[in-house]
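Before any comments, here is the structure.
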Amino acid sequence: MVEVFSTNIVSNINAEQVLDILQQHFPGLGINFDLEDCDNILRVQSKLDGEICIKSILRIVRDQGFKIELLPDVVNEEKNGMQKRFWQK
């Protein structure tokens, strides 16, 4: 499972600080930032399709003074919409 968040983290120093804190709380997750993306992406991936505690990630990042929002899973929404249109014909 992968969850993607938009943040207002723009510097590598801040990203590394938040990354360290998140990795301490969630050592079993793959966590990285893409600060080149316009949404300053935080990507969290569970290993072996484990669960990701979205609320905890939001809280931890916000507690560090940053903004963070979960991005919707657009690919699945588009796919489901295509499937619905196909079956409605």
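The values are calculated or read from the model by the stated rules, or taken from the named source; none is laboratory data. Source: prediction; values computed, not measured. Every residue, glycine among them, receives a Cβ derived from its backbone with ideal geometry; neighbour counts consider all protein chains shown.
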Self-check item: Residue in the range 59-70 that is assigned to a strand (DSSP E or B) and touching an Asp or Glu at 6+ places or on another chain (Cβ under 8 Å) present
Solution: yes
Quiz item: For Gln64, are the conditions met, namely being touching a helix residue (DSSP H, G or I) at 6+ places or on another chain (Cβ under 6 Å) and at pLDDT 95 or above?
Solution: yes
Quiz prompt | Test for Ser56: is it in contact with a His (Cβ under 8 Å, 6 or more places away or on another chain) and at pLDDT 95 or above | solution = yes
Practice problem: Of the conditions (1) modelled with pLDDT under 95; (2) not aromatic (Phe, Trp, Tyr); (3) not in a helix (DSSP H, G or I), Glu78 clears all except one; give me its number. | Solution: (3)
Self-check item: Top-ranked residue of the range 30-51 - restricted to ones that are over 16 Å from Asn14 (Cβ atoms) and exposed (fewer than 15 other Cβ atoms within 10 Å of the Cβ), ranked as nearest to the chain's Cα centre (by Cα)
Solution: Gly30
